[in-house]
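What follows is a single structure, written as structure tokens, with notes after it.
The values are calculated or read from the model by the stated rules, or taken from the named source; none is laboratory data. These numbers come from a predicted model, not from an experiment. Positions of Cβ are generated from backbone atoms using ideal geometry, with glycine treated the same way; all protein chains shown enter the neighbour counts. Note: accessible area is taken over every heavy atom of the protein model, side chains too, but ligands, DNA and RNA are not part of it. Shrake-Rupley method; radii C 1.70, N 1.55, O 1.52, S 1.80 Å.
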Amino acid sequence: GETSGLETTFNNVYIQGSGDYVQIYSDATINGNLVISRTTYIYDGSFVTGTAAGVMSHSAGIVICYGISPGTNFPTDFGTYNLNGGRVDYRANGDQDIYPTDYYDLLVYSQSGGFPNTKTVLGDFSVHQFWVNDLETTLDVAGYTITLNTNWNHATGAPQPIWGATGKLIHTGGYWNIDVHLTTFNDMDLRGTSWKRFLTNTTITGNITVQS
């Protein structure tokens, strides 16, 4: 299914079922809750806006954001986010802004070759598993904090993240083999259980803290 090209307002929205996907081509205001368990495309120029009383839930499927910066077209302004499954992709062939929330799986890349681009973090966020998935995408952390629970998968040849003077990575999970293609950090805070293993030469421009 798909929305029309006109701005629409809803109370509660449920994107579920066994079909292939849903496409959103227009602005949508959701006054209640947004529940997603099916792949959903949100195209450039389309913005989904919630309210402080609303809840966005995502448990399955992929939410694919094509919005070009400035601004983000990941659903914004919900009072509560429950992203406990599925994946969010920022995959436009251009610069994009990453909305600060608690992601489950998060992937950033350029869908087509030949489009060097930057994905810029707009605030602190947490993520279960993270991919920088092509060699043309640069992640600009912009001085914020990324809290990682399991793995960061960094594509061969991908640029190193731009951390900024205060950028930090916190790892909270169990054992972690740090991807050999991810070699530059600013501040690192290693928490959780088990070992964290550096598999190649690594540059840390700030501080490293190890907590049990």
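Taking the numbered list (1) open to solvent by less than 10 Å² (accessible area, probe 1.4 Å); (2) modelled with pLDDT of 95 or more in turn, Gly61 passes all entries but (1).
Is at least one residue of the range 117-130 in contact with a His (Cβ under 6 Å, 6 or more places away or on another chain) and farther than 21 Å from Thr205 by Cα? For the range 117-130, residues in contact with a His (Cβ under 6 Å, 6 or more places away or on another chain) and farther than 21 Å from Thr205 by Cα: absent. Considering Asp95, Asp77, Asp89, Asp102, the condition of being modelled with pLDDT of 95 or more and buried (at least 20 other Cβ atoms within 10 Å of the Cβ) is satisfied by Asp89 alone.
Filter the range 77-118 down to residues that are basic (Lys, Arg) and either more than 25 Å from Asn33 (Cβ to Cβ) or in contact with a Ser or Thr (Cβ under 9 Å, 6 or more places away or on another chain) (or both), then give me how many there are. It would help to see each step written out before you state the result.
Quick first cut of the range 77-118, residues basic (Lys, Arg) only: 87, 91.
Narrowing further to those that are either more than 25 Å from Asn33 (Cβ to Cβ) or in contact with a Ser or Thr (Cβ under 9 Å, 6 or more places away or on another chain) (or both): 91.
Matching residues across the range 77-118 total 1.
Checking each residue in the range 161-205 for being in contact with a Phe, Trp or Tyr (Cβ under 6 Å, 6 or more places away or on another chain) and of a type in the set (Lys, Arg) picks out only Lys196. Look at (1) open to solvent by 30 Å² or more (accessible area, probe 1.4 Å); (2) more than 25 Å from Gln129 (Cβ to Cβ); (3) in contact with a Gly (Cβ under 7 Å, 6 or more places away or on another chain) and you find that Pro70 fails only one, number (3). For the range 128-150, a residue qualifies if it is over 12 Å from Ile98 (Cα atoms) and either among the aliphatic types (A, V, I, L, M) or in contact with a Phe, Trp or Tyr (Cβ under 7 Å, 6 or more places away or on another chain) (or both), and the qualifying residues are His128, Phe130, Val132, Asn133, Asp134, Leu135, Glu136, Thr137, Leu148.
Just checking, does the range 121-133 include any residue being of a type in the set (Gly, Ala, Ser) and open to solvent by 40 Å² or more (accessible area, probe 1.4 Å)? Write out each step before concluding.
We begin by selecting, within the range 121-133, every residue of a type in the set (Gly, Ala, Ser); these are 123, 126.
Going one step further and asking which of them are open to solvent by 40 Å² or more (accessible area, probe 1.4 Å), we end up with none.
No, there is no match, as no residue in the range 121-133 is of a type in the set (Gly, Ala, Ser) and open to solvent by 40 Å² or more (accessible area, probe 1.4 Å).
Take the residues of the range 17-30 that are open to solvent by less than 90 Å² (accessible area, probe 1.4 Å) and more than 11 Å from Thr49 (Cα to Cα): which is modelled with the lowest pLDDT?
Gly19
If you filter the range 38-58 down to residues that are under 16 Å from Tyr21 (Cβ atoms) and touching a Gly at 6+ places or on another chain (Cβ under 6 Å), you find that the one that is surrounded by the fewest Cβ atoms within 10 Å (Cβ to Cβ) is Thr39.
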